[in-house]
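Notes to accompany the following structure.
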Amino acid sequence: MSTILIVDDDPRFRAQARDLLEADGFMVIGEAADGASGLEAAQALRPEFVLLDIGLPDIEGFEVATALAVNGPPPWVVLMSTRDARAYGRRLTDGHSLGFIPKERISGAAIRALVERP
Amino acid sequence: VIDLALPVLVQNAALLLAVAVIFDVVSSRVTIDRARIEQAMSGLLLGVIGVSIMLSPWHFASGIFFDTRTVLLVIAGLFFGPIPTAITLGMMIAFRLTQPGAASVTGIAGMILAAGIGLLWRHRRRLLEDMSFLQLLMFGLGAHVLILGQTTLLMFLTLPQAVASAAVAGLWLPLLTVYPVATALLGVLLVVRLRARQLTDANARLQAEVETQLMEVRASRARIVEAGDLERRRVERDLHDGAQQRLISLSLELRLARSKLDEAGDHEVRQSLDRAAEEAQAALVELRDLALGIHPLILTESGLGEAVESLAARTPIDVSVDVSPGRYPSAVEGAAYFVISEALANVTKYASATKAVVRVRGLADRIAIEVEDDGIGGADPRSGSGLRGLADRLAALDGTISVASPIGRGTKISAVIPTIQPTPPPVPTLWAPAIPDATMEA
């Protein structure tokens, strides 16, 4: 079963995402409410995936993704946002992430689709 | 000898007026921006005039001569104030002392009295520019009655009685006719000049005021645009933090409910939940479109180039983008973005074009924007409110927009926006003129 860490500042969203992903066969091994604790949790838990909000209260998701890529074996980073891809343009594809999913489309299937994308 | 006094003194008065007119013409072309220096210059020039009229007097006897110096001095006192008058008086007394004679004390006392009367009247009367010819004439008459009285008294005290009475006999008529008229004429000249100068000053003040106001209006216009931009950003953020977030939560909740229902399997409830999820999704899409139209986050985050590329990617026809890199003030980027966005929207809606080109050139102090298509042309910039609104927005930044749209040959929209916003210039200092009220307060 794939392990995943959810980094988002909204506890209600984290709970909903956890339920959805667990129903889809992911194992949610941790949650973090901001970028700094997200980085710590990733270091400690070594998840296969990190579901990462772009609009975090302390560090922007793009920067967290970059930091995750340089500290040890990098996890698959899936960026997500309340906004859609039009708000970020090329930054979504330039960085160290597997891909981007608008928050309402979060599901195990959507994450797996990014991995299997050619 | 007595018969000669009147014509000679008329000539002397005419000389005074002629020199004064020349002086006036010359000095009105010269502006000096330091009040003290100007006052000194006025004093010197008046002194030169005084000496020049003292060079062609009525010679009554050796060491006794008369001229219109008192006319000049009362007018100097009245119109030029203490400093120029003191300088003039000093020069004229010095000149008189180089030509000693029996009447030098009387002459010098007459000069001092004339200057004193002028200054005293200046002190009492504030609105010199309102003085009429008649008022000036009465002033001249009054002054010369006093001067005649003093001169008569001093001549009888310092000269042999026969000489004194002969001099007074020759002097009294011109002093009470020619001199007041000359005083009034010289005064009128200066009243006119004073009015002209006040008009010039008022004009300069008005112009400076208008310029200041214009700068203020431009600055406030720019501030309004800036405030509008801030407000748009705030609304976008509020939508993101509020309604969008709630709709996402609703979507996820509906999907969770749907997945739990799979096991129980009531078909109708499942269908209803699917429809609800679709509705929530549609609302979210609309809300995002709205937020993007209000303020595109990509513009503030990544700049004009990427924002325009993202805009081009959403436009249903082929759009090539050529934007020179660089960041500009947010109001400028915002205006540029909305010009391009509106132009591309019009291309899609009306132009029947197959492709469009967006070019943005960053120059030293402005950016130049062009949006060109290969459509049917014939666009009328006056018909759409969109372009007019943009023109207003650009004007607030001192930018311009123009549309060229010949029928059958495509449409080209060009806009220029200054990237350096104007700062108000320092307030100009107006020089304080020597003639009007400034010296009277001292």
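With 0.36 nm allotted per residue and the present C-alpha distance subtracted, the B:R34-B:T315 stretch has 94.6 nm of extension available.
Would you work out the Kirkwood radius for chain A? I mean one over the mean of 1/r across all pairs of different Cα atoms, in Å. Write out the running numbers ahead of the final one.
Details: mean 1/r = 0.0723 Å⁻¹.
This gives a value of 13.8 Å.
Taking only the Cα atoms of the range B:244-371, the radius of gyration and Dmax are 20.6, 69 Å.
Take the Cα of B:E216, step 7 Å toward its Cβ, do the same at B:L199, and the gap between the two points is 2.8 nm.
Is any residue of the range B:99-143 close enough, with backbone N under 15 Å, to a label point placed 7 angstrom from the Cα of B:A61 along the Cα-Cβ axis, and if so, which? B:101-107, by backbone N distance to the label point. Take the Cβ atoms of A:R105 and B:L206, set R0 to 56 Å, and the FRET efficiency comes out at 0.30. Taking the centroid of alpha carbons for each part, the range B:326-363 and the range B:41-104 are 77 Å apart. Among complete DSSP H helices in chain B, those whose alpha-carbon atoms stretch at least 27 Å along the helix's long axis and whose mean Kyte-Doolittle hydropathy reaches 0.0 are B:2-28, B:35-54, B:104-124, B:133-158, B:161-239. Here the residues B:L55, B:L311, B:L185, ranked from fewest to most Cβ neighbours within 10 Å of their Cβ, fall in the order B:L55, B:L185, B:L311.
Projecting the Cα atoms of B:V188, B:L256, B:S165 onto the dipole axis of the range B:165-258, where Lys and Arg carry +1 and Asp and Glu carry -1 at the beta carbon, places B:L256 farthest toward the positive end. Sorted ascending by nearby beta carbons within 10 Å, beginning with the fewest, B:F338, B:F79 become B:F338, B:F79.
A crude spin-label estimate for the pair B:D322 and B:S352, with each label 7 Å from Cα along the Cβ direction, gives 2.8 nm. Once the other residues with Cβ under 14 Å from the Cβ of B:V225 are scored (Lys, Arg +1; Asp, Glu -1), what is the net sum? In short, 0. With the largest listed first and rounded to whole Å, the semi-axes of the equivalent ellipsoid of the range B:361-412 from the Cα gyration tensor are 22, 16, 6.
Taking all pairs of distinct Cα atoms, average 1/r, flip it, and tell me the Kirkwood hydrodynamic radius of the protein assembly as shown in Å to one decimal place.
On the way: mean 1/r = 0.0313 Å⁻¹.
Hydrodynamic radius (Kirkwood, Cα only) of the protein assembly as shown equals 32.0 Å.
Spin-label model, A:R112 to B:E279: label points 7 Å out along the Cα-to-beta-carbon direction sit 3.1 nm apart.
Could you work out [θ]222 nm for chain B from helices alone, using -39500 (n - 2.57) per DSSP H run of at least four and dividing by all its residues? Round to the nearest 500 deg cm²/dmol.
Numbers: 14 runs with 298 residues, N = 442.
It comes out at -23500 deg cm²/dmol, rounded to the nearest 500.
Work out the FRET efficiency for A:R46 and B:K260 from their Cβ-Cβ distance, taking R0 = 41 Å, and round it to the nearest 0.05.
Details: r = 31 Å, r/R0 = 0.76.
Efficiency for this residue pair is about 0.85.
Figure legend: label point modelled 7 angstrom from the Cα of B:V21 along Cα→Cβ; residues of the range B:182-199 with amide N under 12 Å from it are B:186, B:189. Mean partner shielding of peptide B:245-258, defined as the number of other chain Cβ atoms within 10 Å of each residue Cβ, is 5. The Cα center of the range B:156-232 and the Cα center of the range A:90-118 differ in position by 81 Å.
Residues whose amide H comes within less than 5 Å of that of A:I101, counting only those at least five positions distant or on another chain, are A:L79, A:M80, A:S81 (H built at 1.01 Å from N in the peptide plane).
The numbers here are math on the coordinates, done by the rules we state, and not lab data. Everything numeric here is computed off the predicted structure, so don't read it as measured data. Counting neighbours? That spans all protein chains shown, and the Cβs are built from the backbone with ideal geometry, glycine included.
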